Structures are given as structure tokens and as C-alpha cells.
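Visitor: Next up is a structure, given as C-alpha cells.
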Amino acid sequence: MDTKKKTNKKLLWQMPFLLLLIIGTVLVVRHQHDAPYQHDTGFIFGTVYNITYQSDADLNGGIVSELKKVDSSLSPFNKSSIITAINNNKDVKVNDKFAYVFNLAEHVSKETDGAFDITVAPLVNEWGFGFKKGTEPNKHLIDSLRSIIGYRKVSLVNGKVKKKDNRIMLDCSGIAKGYGSDVVARFLRKKGIKNFMIEIGGEIVTSGIDEKRTPWKIGVTEPTDDSLNTNNQLQTVLNITDMAMATSGNYRNFYYKNGKKFAHTIDPKTGYPVQHNILSSTVIAKNCATADAYATAFMVLGLDKSKEVLKKHPELMVYFIYSDHHSKNSIWFSPSLKDKIQR
């Protein structure tokens, strides 16, 4: 009897604390539900960013600060960036951001047999897609540049990039926007933000739910010759909540010269713009830098070789739009992506 009284007395003492805990939880949930969604947009890495996040505070200042850190590490357009100093053969020690992207790029290069290669900058520039305008190079020049291209010809030693040839230049455009999205996502999570969507030049990270209290849904644009980005017709819509997505496609990134069409993506092995059948390569991964790099690599590899790489990487999900044997647009996607396709 005494034991029962003690137990009841203990429970009575605990009740106020349990009640406060329940009330506190309800208030937190209600606050999360009522907090407004902020919409920030701007220009970085030569492209536009759009960021939506649920927060009482406007965090655009912090977001811009984080993006500038990435820009000062990886942008060849930034004359004072680390990558510019490396391309100019200056003795410079890299920071953590540059080191992370460099090491990830090297890993993806190995996994794709060099289809992704950040040393491709000299070729990109000569074809007119880099940070200086060029003219159509002749075969002799291409062969000359191919001799210095190769991810195995650069390494990171004691915080410094070592080149086997001083003419080697680095171009992280195939991974930097994705990494920038990851950096902003990390910043928002540190601020306690649960619901957000980050998009930088088409490279996306999502978390939680959107303003309609539903999972984030992202459209994949139907590929057409649209260098002015005026076509927004969607091929499909994907549910990618709590994931990262990157899309690479030459159907928008190209130019015509002397009646010839030149694609944006350069094959590091041939030295020429890619001519493979993939029109749009969408990759979904746990982080956007990885998705970005593989999306670029698959554009170079083409459909069959990309499928071979994917056999070794079941953690990646892809949605390919390609030109079939009848020159008609066809679809191939990872079986694991089926449940995420909304239409």
C-alpha cells in the first residue's frame, strides 16, 4: 500500500513536466507550420539562383556570404579566386572548399574513366565555352591540347595543386553549382531550417515540405533546341524531397557557327563537343556536387556506357532523355526512380 502511494505521488510530481513538454511540442509544431516561406533570388557563378525556405528571418545575407566563399574558391571568372591563381601557376594553398571539390572531382573521374575531368578547361576555352572567347580549333590544335589534358596529371599535395604541365588549367563548372547548392543547404540546416528548396542554375537540393505542405516536386524540361531558354514544357515531374538533383543537357547549351551546331559539353578524350545520344541527363543523389559531376559525365559517356557505370553505383538514380535509332526522344530511368515519377 505504501509502495502504491509513493508511486502515485511520484506520478503527480511528473505530470506538470509532462504537460509542459506536450505544450512545448505543440507550440514548436504550430510555429513551424505558421512560419512564412522566404524567397531569395540572385546571381552567382554566372547564373541565377532561387532559394525558398521556411523561416521567420530573412537569411539572404548569410546565403550570399556562403555563395561568395564558393565563388572565391572555384570561379575562374573571379580574378582573385583560388582556381584563378592555380590556373595562373601561382603558389597558393587551397582551402577546405576547394580541396573537397577537387577530391570529389578526382573520384568521379576515376569512376567514369575520365569522362568527367576538371582539366578540360583549355579545350573548353578553345571551343568558345570558357571564360574567354575562342574560334573553332583545328585538329592539330586539338591534338596538342589533348596531350596536356588528364585528371591524372594533377594532384593535391600538402594543400597545393601540383601539375605535370604548367599549361594545365582547371574548370570546375561541371560541379561548382551543385557544390554551391550543398553549401547553402548546410548553412540552412545549421540555422535549424527544416523545409527548403535550393536551385542554382538548375542544380537542386530539397528538404522537408513546400508551402503547400506537400513534398517538393521538380520538373525535368523537355529537350528542344532552345538556347534562349524560352521553352519550359516539362517532360516529367519528380518527387525529390530530401535529395539533390542535377541536370545536364546540350539542348540549351550550344551555339551555331558557320551553319554548324556546337554542343557545350566537351569529351576530354576526343577533344571535340560530344555527339552521343543523351539529350538530357538528370541525376539524383544524396548531395548535389556528386549529382552535378555524374550528370556531366553521363552526357560524355552516352547511354550504354552510363548504364555500365550505374551498375557500380546503385546509390545514384537517373532519368535520361535520349535520341533513339529513329531520332525520336525516348526515356530511360533507374528502376529505383519509378516511385518518384509523378507524371
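The values are calculated or read from the model by the stated rules, or taken from the named source; none is laboratory data. Predicted, not measured: the structure shown is a model, and the values here were computed from it. Note: ideal-geometry Cβ built from the backbone for every residue, glycine included; neighbour counts use all protein chains shown.
Visitor: Taking interchain pairs and intrachain pairs at least six residues apart, which have beta carbon atoms under 7 angstrom, with the first residue in the range 324-343 and without any contact (Cβ under 8 Å) to a residue 40 or more places away in the chain and hydrophobic (A, V, I, L, M, F, W, C) and the second part of a helix (DSSP H, G or I) and surrounded by 12 or more Cβ atoms within 10 Å (Cβ to Cβ)?
Guide: Trp332/Leu303
Visitor: Then there's this: Restricting attention to the range 127-146, which residues are basic (Lys, Arg) and modelled with pLDDT under 85? Spell out how you get there, then give the answer.
Guide: Quick first cut of the range 127-146, residues basic (Lys, Arg) only: 132-133, 139, 146.
If the condition is that a residue be basic (Lys, Arg) and modelled with pLDDT under 85, then Lys132, Lys133 are the ones that fit.
Visitor: Considering (1) polar (S, T, N, Q); (2) within 21 Å of Asp182 (Cβ to Cβ); (3) touching a Lys or Arg at 6+ places or on another chain (Cβ under 6 Å), say which one Asn125 fails and leave the rest.
Guide: Condition not satisfied by Asn125: (2).
Visitor: Considering only residues that are surrounded by fewer than 16 Cβ atoms within 10 Å (Cβ to Cβ) and at pLDDT 85 or above, which ones fall in the range 240-255?
Guide: Asp242
Visitor: Let me ask something else about it. Where in the range 256-337 are the strands (runs of 3 or more DSSP E), entirely inside, with at least 2 residues that are of a type in the set (Ser, Thr, Tyr) and modelled with pLDDT of 90 or more?
Guide: 278-285
Visitor: If you go through the range 297-314, how many residues are out of contact with any Ser or Thr (no Cβ under 9 Å at 6 or more places or on another chain) and loosely packed, with under 14 Cβ neighbours inside 10 Å?
Guide: Count: 4.
Visitor: Looking at (1) touching a Lys or Arg at 6+ places or on another chain (Cβ under 9 Å); (2) assigned to a strand (DSSP E or B); (3) at pLDDT below 85, which is the one condition that is false for Thr236?
Guide: Result: Thr236 fails condition (3) only.
Visitor: Here's another thing I want to ask about it. Restricting to the range 155-170, name every residue that is closer than 28 Å to Ala244 by Cα and either of a type in the set (Gly, Ala, Ser) or touching a Ser or Thr at 6+ places or on another chain (Cβ under 8 Å) (or both). First the steps, then the outcome.
Guide: If we filter the range 155-170 for residues that are closer than 28 Å to Ala244 by Cα, which is where we start, we get 155-156, 170.
Selection gives Ser155, Leu170.
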